[in-house]
1. Taking region A:40-54, which residues are in contact (Cβ under 8 Å) with a residue 24 or more places away in the chain and either surrounded by 19 or more Cβ atoms within 10 Å (Cβ to Cβ) or closer than 23 Å to A:Leu81 by Cα (or both)?
2. Of these, A:Asp98, A:Asp41, which one is part of a helix (DSSP H, G or I) and in contact with a strand residue (DSSP E or B) (Cβ under 6 Å, 6 or more places away or on another chain)?
3. Filter region D:55-66 for residues that are basic (Lys, Arg) and open to solvent by less than 30 Å² (accessible area, probe 1.4 Å) and give the result.
4. Name every residue in region H:91-144 that is of a type in the set (Val, Ile, Thr) and in contact (Cβ under 8 Å) with a residue 60 or more places away in the chain, in order of residue number.
5. If we keep just the residues of region A:7-28 that are touching a residue at least 12 places away in the same chain (Cβ under 8 Å) and within 13 Å of chain D (Cβ to nearest Cβ), which is most open to solvent (accessible area, probe 1.4 Å)?
6. For C:Gln54, which of the numbered conditions (1) in a helix (DSSP H, G or I); (2) of a type in the set (S, T, N, Q); (3) over 19 Å from C:Leu105 (Cα atoms) fails to hold?
7. Exactly one condition in (1) crowded, with 21+ Cβ neighbours inside 10 Å; (2) within 7 Å of another protein chain (Cβ to nearest Cβ) is false for D:Asp98; which is it?
8. Across region D:122-132, which residue is farthest from the other protein chains (Cβ to nearest Cβ) among those that are closer than 23 Å to C:Glu123 by Cα and either within 15 Å of the chain's Cα centre (by Cα) or modelled with pLDDT under 95 (or both)?
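The values are calculated or read from the model by the stated rules, or taken from the named source; none is laboratory data. Please read all numbers here as calculations on a predicted model, not as lab measurements. Cβ sites come from the backbone with ideal geometry, for glycine too, and all protein chains shown count toward neighbours. Keep in mind that these areas ignore ligands, DNA and RNA; they rest on the heavy atoms of the full protein, side chains included. Shrake-Rupley method; radii C 1.70, N 1.55, O 1.52, S 1.80 Å.
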Protein chains: 8
Amino acid sequence: MEYHIYLAGEIHSDWRDQLRASIQAKPGITFHFWGPQENHDLSDAIGEHVLGEQPNAIYKDLQASKINNLRTELHLKKADLVIALFGEKFKQWNTATDAATAIALGKPTIIIRPEALHHPLKELSEKANVTVDTIEQAAQVIDYIFA
Amino acid sequence: MEYHIYLAGEIHSDWRDQLRASIQAKPGITFHFWGPQENHDLSDAIGEHVLGEQPNAIYKDLQASKINNLRTELHLKKADLVIALFGEKFKQWNTATDAATAIALGKPTIIIRPEALHHPLKELSEKANVTVDTIEQAAQVIDYIFA
Amino acid sequence: MEYHIYLAGEIHSDWRDQLRASIQAKPGITFHFWGPQENHDLSDAIGEHVLGEQPNAIYKDLQASKINNLRTELHLKKADLVIALFGEKFKQWNTATDAATAIALGKPTIIIRPEALHHPLKELSEKANVTVDTIEQAAQVIDYIFA
Amino acid sequence: MEYHIYLAGEIHSDWRDQLRASIQAKPGITFHFWGPQENHDLSDAIGEHVLGEQPNAIYKDLQASKINNLRTELHLKKADLVIALFGEKFKQWNTATDAATAIALGKPTIIIRPEALHHPLKELSEKANVTVDTIEQAAQVIDYIFA
Amino acid sequence: MEYHIYLAGEIHSDWRDQLRASIQAKPGITFHFWGPQENHDLSDAIGEHVLGEQPNAIYKDLQASKINNLRTELHLKKADLVIALFGEKFKQWNTATDAATAIALGKPTIIIRPEALHHPLKELSEKANVTVDTIEQAAQVIDYIFA
Amino acid sequence: MEYHIYLAGEIHSDWRDQLRASIQAKPGITFHFWGPQENHDLSDAIGEHVLGEQPNAIYKDLQASKINNLRTELHLKKADLVIALFGEKFKQWNTATDAATAIALGKPTIIIRPEALHHPLKELSEKANVTVDTIEQAAQVIDYIFA
Amino acid sequence: MEYHIYLAGEIHSDWRDQLRASIQAKPGITFHFWGPQENHDLSDAIGEHVLGEQPNAIYKDLQASKINNLRTELHLKKADLVIALFGEKFKQWNTATDAATAIALGKPTIIIRPEALHHPLKELSEKANVTVDTIEQAAQVIDYIFA
Amino acid sequence: MEYHIYLAGEIHSDWRDQLRASIQAKPGITFHFWGPQENHDLSDAIGEHVLGEQPNAIYKDLQASKINNLRTELHLKKADLVIALFGEKFKQWNTATDAATAIALGKPTIIIRPEALHHPLKELSEKANVTVDTIEQAAQVIDYIFA
């Protein structure tokens, strides 16, 4: 059996590798992991990279966001499970956008966030299926689901 | 004709009143405006207000968020148009959550944000139908749509 | 503005009247309340009442359930809000069925159940938007949503 | 060809093994069976197992239910067929919840229940595609569908 | 409150008038009834009536069916309830088509058919919410639903 | 690549074998064909076969239809393409039911019917994607689609 | 009863007025007509009108199209019926876009096009419910649907 | 992993081959490409090819379009990504129809069009996820999405 898991959120740490390493192997099951572009500079520049120089920063951003959104949409729609990590440092609206989109599309969704962020994330956390504090806890949940 | 418009986002200013005042009257059309609870203290306390004291801050938040999410969900699902305002000061994940949910539910959506926020909001802006800088511009868009 | 509210659950008490009486009047808003057949004998007999005597108790039940399900489906699909009450005495699977159906159809849903039932109802409660202990608390939630 | 079958309901007997053993082998077809956590203690404790001790029994239940619901949602949404068994002894609302959710999501659904329970389950039975009395009868239905 | 009821099926009798006359008045509720074109000749000729003579009988039929299907689709999609009557004499595939479409679109559906037709209609009847033998029984069901 | 094709309609001829034989082999593509129970006696008796003798012919039919409808629903929902054949002799409402359901579910659908039936099937034919007169023509269409 | 009709297509003639004038009055029925911005210059300039001068023609177009698309989306989603007119002179891709979107959203759709355009519009015409040659024929179809 | 990509649009050039050649190989990923019938004469004649001579050019077109639309619908619904190319020369409404349908069905969609066509395609471009000028740019986007 094959399952697609989309890993939304923070791109400045190796949390995706940690998560993959923490999940127990399950006989007969293959997980395919997808996520956003993790090279921040490339993510910001991809619009100009493909289409050439844009007239200003807003349109540089707009063209980059179109390609980033296409990537996210394609992989999110294929996903059987979505995990979104909010870090201490980067309070990205992108992560909230991806998690809320996943939930509205009916995707089973786990949020990982440090307990210190519980207040500003309370509505989004409550909409998600499960909210945990650490990467290891998310891996435990995955192990429980597929056991 | 009656249309429901949901006004997501910032609750610490009178932007909803400004918007309503800026929209031109249209013969034969009534707009019903809805939005989140704008009394911040009540919004945070509504869980304990209804269910009594909770054991800690996390569960106080969780119960409040359940009732706030119910309010948002009911009015968002009835909405014909959603407008989400991001202010300079409060970088709420809630606003991103509501806007992304509206878009995923297929609601026509306008984002209002100061131009200074274009970079961190670029992906969400690109998913919305229209992004403007000011409340007056949003009113102009509404006038154009219903003219 | 008109909103339809479906009141699922217990039919052997006057909780629907209590709820209606507890909700504050809201200028410009009319609530239409619907619910299951509250005459238990008629509810059980409606199949034979319409179609004549059936060969045995199972088919008497089947024909009654078809008509009861049609009633529930029509009003549930029109509902903007669903409230399901679980009483101490009658542990109806019907109430769980209606609440779960409402949630799966994307209807904003409130569950009312005595705190003593929290354990057996924990999964259903968690799927609903809000769970409260009393009829008055449900009315408070409705007042909050439409304020 | 691969089909996913979700087996909702009673977790205190070996009915899932009996069902699997009763289904005839079909050349070229593989069935993947999923169901809820069958270790009752683990099912109740999984919230605290992952997130640590909770302040009271209600929140212990709430955190467990979140993880159990995530498990159910993921496997139910992948299912091509859902079978829900109601036993004589444990009158779980969970089973009704899962069956009603499956039906509302458009999943072909079989209910197994002892004939003695026909009356309290009449509305849910009527919404399901097929209701049978025994595990062997459910296996016969599966054999008929894939013959 | 206003409800739309689509009356599919036989066009060579006055059953729609009989049904309307049999339903009890309900204070505060208005029913809007719609159905197919009941003038059989006009129904067959409407394609040529609008578009002019067609090259042969098949294309005369095709153009008529396009306009008849548009009529049915528009009113069926607005309907809160669909009632389909199969008569003894005209064994129309159109009625089965409309009833099956209504059911697949999630419309609450009642079938009226003489008991003598139970065998050939068994699968369609089982998919509908309720099957009755007479127009009066259908009116009784409507009275029960809206009481 | 694998595609599921559901073959609805007539069960008293070998048209399914003829169709399979007429389709050209396509490198890299496997077609899985499904259809209703073709043993008419078993199809009528399956309810009693599984559940034991029923009190009368109507309930014998009802129980059979439940199992037949489960079979059809499961395979129809998996189908990438639906083909429905109407024969000269058996004017089954079942075939119209299955074809209309497939179309309402958004399944690409081909109807095969002798030209002599064009008039009574005109509305259903017009809703289907393609209508042809012979099995060989349906095979030609499939060859064209996957070439 | 109120119905919304969206009139897509050509903006350089008074066909919308002609159509409205050609439809017969129907007691108890009100039609609300909506359509795109018919002032071509304003339609092209609306982006700069709201947001100020853009850096080049492509971005002037992009900002105008966002507001035009929001207008179309809002009114199309409310529509009970969509009519799209293709004129001889302006071979707009916009009209095809709106008609195809309406059809994919499940809106009953009529296309008006001069017979001379039958070949390039054949696939779109076939997806629509009805295709007619003149405005008067479209009015006749509307009269037939609501008679 | 396998992904289906539908290549809509121009059929008189070898752009599909160019695109396939420009996409970088990705370990573990197979792309299946589908598109319309590229033999223009066969595409126009397929209706008569299957069903025999039709009475006039309009009905020849209608029958061809039915089969072409079936082909497009089947492959578009299976697609994970849709790419639509508008060429300088053939201003097909078909391409706009397919792209708008894909977008309305929620398919991630890329448009390729020469910059010279930006004005007439502005609304459709804005609805698509990404618009590029050349085939190589589309390939770059695909490389970015699956990297």
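1. Of everything in region A:40-54, just one residue is in contact (Cβ under 8 Å) with a residue 24 or more places away in the chain and either surrounded by 19 or more Cβ atoms within 10 Å (Cβ to Cβ) or closer than 23 Å to A:Leu81 by Cα (or both), namely A:Ser43.
2. A:Asp98 is the lone residue from the list that is part of a helix (DSSP H, G or I) and in contact with a strand residue (DSSP E or B) (Cβ under 6 Å, 6 or more places away or on another chain).
3. D:Lys66
4. Passing the criteria: H:Thr95, H:Ile112, H:Ile135, H:Ile142.
5. Looking at the filtered set, the residue picked out is A:Gly28.
6. All conditions pass for C:Gln54, except number (1).
7. Looking at each condition in turn, D:Asp98 falls short on (2).
8. The residue in question is D:Ala128.
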